[in-house]
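All of the numbers you see were taken from the coordinates with simple rules; none came from a lab. Note that the structure is predicted; figures quoted are calculated from it, not measured. Positions of Cβ are backbone-derived with ideal geometry, glycine not excepted, and every protein chain shown enters the neighbour counts.
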Amino acid sequence: MKICFPVERNEGLESKVFDHFGSAPLFVMVDLESNEVTEVRNRDTSHAHGSCQPLKAISDHPVSAVVVGGIGGGALSGLTSANIAVYRSKGSTIAENLSLLASGSLDKWSPGFVCGGHGEGHACSH
């Protein structure tokens, strides 16, 4: 199983999980079978809010799941349509979230709780 974590800086498993999928400059991919940790640049950072194309951002790196602090409805829909599970980060680092995921303590994001904009009346639940 390979898991994607949006981050601002790659510090391996001690990387802090970013608050918003589409705006993250980097993704850290963790392969749980090989213990390999890979950095991937977000190739979709110049999108308008609400127009994130998550599969464009990580298309060369197939994953089973994404763990993120916040995500918009379009990105969530795109990922779940591709059968990628999207979990809400509860820990601050990748290592903490991997432990929580292994214990079944991370919740999946649902459409009713996604980011609704980053201006006045910001409606994110992160």
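A few comments on the model shown:
- Length gained when the stretch Lys90-Lys2 is fully extended (0.36 nm per residue, less Cα-Cα span): 29.8 nm
- Cross-link reach list, aspartates and glutamates versus Lys56, counting only Cα pairs under 18 Å and skipping chain neighbours closer than eight places: Glu39, Asp44
- Note, ³J(HN,Hα) from phi for the range 11-16, Karplus 6.51, -1.76, 1.60, rounded to Hz, x at Gly and Pro: 10, x, 5, 8, 4, 7
- Taking a straight Cα-Cα cut-off under 20 Å and skipping sequence neighbours fewer than 8 places away in the same chain, the lysines within cross-link reach of Lys108 are Lys2, Lys16, Lys90.
- When each of the peptides 60-66, 2-8, 32-38 is scored by the mean number of other C-beta atoms lying within 10 Å of its residues, the order from highest to lowest reads 2-8, 60-66, 32-38.
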